[in-house]
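One structure is given below, encoded as structure tokens.
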Amino acid sequence: MTKQRYPSLMKMLLQDLLQHKWILLLSVVVIGNALSIVYTAHLNRQLTGERDDLLSHRDTLDREWRHLVVEQNALTEHSRVERIAQEQLGMRDVEPEQEVLVSWQ
């Protein structure tokens, strides 16, 4: 009995790949598409995180601006009271010659 000789494994694989080249091409396209989807999802997550950071920073700046507006209103309130006292009540600042110091004793 003679031994039957089989072709080499590499030769068989190459022949199969050539016979099914469309399946190989579609497999490469599907894998490439999957990798592009993963990359796009990663970029989307990064941009979403950056957007959240920027919105948080905006909220912080908005809060600080509101505090500054309240502080400005508080500081300008004294000048408003002084102006009303001068205009409506006829009050004026005391001159140094008119000041009288009273001792505590």
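The numbers here are math on the coordinates, done by the rules we state, and not lab data. None of the values given here were measured: they were computed from a predicted structure. Reconstructed Cβ throughout: ideal geometry from the backbone, glycine too, with neighbour counts over all protein chains shown.
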The farthest towards the positive end of the charge dipole of the chain, of the residues TYR6, LEU68, LEU18, given +1 on Cβ of Lys and Arg and -1 on Cβ of Asp and Glu, is TYR6
Sorting LEU35, GLN46, VAL94 by the position of each Cα along the dipole of the chain (Lys, Arg +1; Asp, Glu -1; all at Cβ), the one nearest the positive end of that ordering is LEU35
Given unit charges at Cβ for Lys, Arg (+) and Asp, Glu (-), the dipole magnitude of the chain about its Cα centre in debye, nearest 20, is 2120 debye
Share of Cα-Cα pairs in the chain beyond 17 Å, whole percent, is 81 percent
If each part is reduced to its alpha-carbon centroid, the stretch 56-105 and the stretch 1-28 end up apart, in Å, by 92 Å
CD proxy, 222 nm, the chain: helix-only mean residue ellipticity via -39,500 (n - 2.57) per DSSP H run with n ≥ 4, per residue, nearest 500, stands at -28000 deg cm²/dmol
Cβ-Cβ cut-off under 15 Å around GLU99, Lys and Arg +1, Asp and Glu -1: the net charge is -2
